[in-house]
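Visitor: Below you will find the structure I want to go over with you.
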Amino acid sequence: MMNTKITLELESELIVRAKEYAKKNKTSLSGMIENYLSSSEESIDLTPLVKSLSGIIKLDDSDYRKELAYFLSEKHKR
């Protein structure tokens, strides 16, 4: 695969911190960005246990919030 240069506009303080982080981790800023972009959720290998647990609980957001609120209120009554 051929590398291509791009230009990004970022806050200068963010660039300074990112370069320091890259140096501490013995990598380049380009390498960090490339690793981040190539490690999407789709490419993560899940263990069989995690795969088996995925999708067990099916609640819409409102049900989840109600259940969580109830759980926390009961927990703090004790």
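Here, each number is a calculation from the coordinates, and none is a lab measurement. Note that the coordinates shown come from a computational prediction; the quantities given were computed from them, not determined experimentally.
Visitor: Return the lysines within reach of LYS75: Cα separation strictly under 17 angstrom, same-chain partners fewer than 8 residues apart disregarded; answer none if there are no such residues.
Guide: LYS66
Visitor: Tell me, in nm to one decimal, what length is gained between PHE71 and VAL16 on full extension, where the rule is 0.36 nm per residue of separation less the Cα-Cα distance?
Guide: Full extension from PHE71 to VAL16 adds 15.4 nm.
Visitor: Sticking with this one: Note the full-extension length gain between LYS26 and ASN3 as 0.36 nm times their separation in residues minus their Cα-Cα distance, in nm to one decimal.
Guide: 6.2 nm
Visitor: Let me ask you something else. List the lysines whose Cα sits under 26 Å from the Cα of LYS26, skipping any in the same chain fewer than 8 residues away.
Guide: Within the straight-line cut-off, LYS26 pairs with LYS5.
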